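Taken together, the values in this text are just the output of simple stated rules run on the coordinates, not laboratory data. What you see is a predicted model; the values in this text were computed from it and never measured. All Cβ positions, glycine included, derive from the backbone under ideal geometry; neighbour counts span all protein chains shown.
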Amino acid sequence: MMKRQNIRKLILINSMLLFPITIYYFSPYCIIQGAIEGIITGSLIVFLAMLISSVFLGRLFCGYVCPAGGIQECAMIINDKNPKQGWKNNIKYVIWLVWIISIITCFIFRKQELTVDFFYLTDHGVSVSNIYGYIIYYGVVSIIFIPSVLFGKRIFCHYFCWMAPFMVIGSKFGNLVHIKSLRLDANKDACVNCHVCDKSCPMSLNVAEKVQIEAMDDKECILCGACVDNCPKKVIVYKLK
């Protein structure tokens, strides 16, 4: 099933190449600016869609579609070491919480009645249409790419991503109300402890340990399926459960 991983990476790279068009649909700044003016922007709608979809699909978006994921996949060619994990993984939740409070505050003290503009700040739907837009674009790409080159694979996902908390919250809610969703499942009896799953995981998770306790859920898992497709004994599988 390595073909699936090739397709996954192709989609991620295409998403990265389209980032000049789509960047304002993933922009935390656009949401705040829109909130000040009483506008529900395309980026806010996209993030709400991430929240809802994650109830059923977990962080599949991160593994297959996210443009930031595509940028980091390219950075892995230069540095594919596993970054340190722990308390630093919570930095993104602090960033997210401050951002959410700012959005709510801006909506409360907005200048006018609420309206919806999906293409807010874009030029006919295209985010980057002038030199100033490119300055913003390359700044955002640098924030994602440079830490990944310096500190290891998917470091932005672990520490800084403002999109991940939406999907983590959606997944947790799905678990809480027992909604059937896409997950990984494992059969520890078939495992030979080769640790290929650990080496192939782009999120640097200890997959083999999770297999041994048959508890594959992890808030940092992006359901990319690299462990599924690289396991020689097919110990890990996708399941709706």
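Dividing the alpha-carbon radius of gyration of region 181-241 by the rule-of-thumb value 2.2 N^0.38 Å gives 0.96. For the pairs Lys3/Lys92; Lys153/Lys233; Lys9/Lys81, note any where the Cα-Cα span goes beyond 21 Å. Flagged as over cut-off: Lys3/Lys92; Lys153/Lys233.
If the viscosity is 1.306 mPa s and the temperature 10 °C, what translational diffusion coefficient in µm²/s does Stokes-Einstein give for region 110-241 when Rh comes from Kirkwood over Cα pairs? D = 88 µm²/s.
For the chain, calculate the relative contact order in percent as a whole number, restricting contacts to Cα pairs under 8 Å that are 6 or more residues apart. Relative contact order comes out at 29 percent. Between helix 131-151 and the chain there is an angle of about 30 degrees, using the helix long axis and the longest principal axis of the Cα atoms. When GluC sites (Glu not before Pro) are flagged only if DSSP places them in a loop and at most 13 other Cβ atoms lie within 10 Å, the longest unflagged stretch of the chain comes out as 1-112. Apply the a/c threshold of 1.5 to the C-alpha gyration tensor of region 163-214 and tell me whether it is rounded, prolate or oblate. In terms of gyration-tensor shape, oblate. Using only the alpha-carbon atoms, how far is helix 91-108 inclined from the longest principal axis of the chain? Give it as 0 to 90 degrees, nearest 10. Relative to the chain, helix 91-108 is tipped by roughly 30 degrees.
Quick check: from the Cα gyration tensor, does region 63-110 come out rounded (a/c under 1.5), prolate or oblate? Here region 63-110 falls in the oblate category. Excluding residues on the same chain fewer than 8 positions from Lys172, give the lysines whose Cα lies under 16 Å from its Cα. Answer for Lys172, where 16 Å is the Cα cut-off: Lys180, Lys219, Lys241, listed by chain and number. Hydrodynamic radius of region 1-156 by the Kirkwood approach over all distinct alpha-carbon pairs: 17.0 Å. Of all aspartates and glutamates in the structure, the ones whose alpha carbon falls short of 18 Å from that of Lys88, not counting any fewer than 8 places away in one chain, are Asp218, Glu220. Largest mean-square fluctuation among Ile71, Ile45, Ile136, in a Gaussian network model of the chain whose springs join Cα atoms under 10 Å apart, belongs to Ile136. When the chain is treated as a Gaussian network with alpha carbon springs shorter than 10 Å, the biggest mean-square fluctuation among Ala68, Ala49, Ala208 belongs to Ala49. Computed from Cα atoms, the angle from the helix 2-17 axis to the main principal axis of the chain rounds to 20 degrees. Restriction of the trypsin sites (Lys or Arg not before Pro) in region 42-120 to DSSP coil positions whose beta-carbon has at most 16 other beta-carbons within 10 angstrom yields Lys81, Lys84, Arg110, Lys111. Which one, Ser171, Ser200, Ser54, has the greatest fluctuation when you compute a Gaussian network model over the chain with C-alpha springs under 10 angstrom? Ranking Ser171, Ser200, Ser54 by mean-square fluctuation puts Ser200 first. Taking the charge dipole of the chain about its Cα centre, with +1 at Lys and Arg Cβ atoms and -1 at Asp and Glu Cβ atoms, the residue from Tyr64, Ala190, Ser200 reaching farthest to the positive side is Ala190.
The alpha carbon centroids of region 99-114 and region 121-144 are separated by 24 Å.
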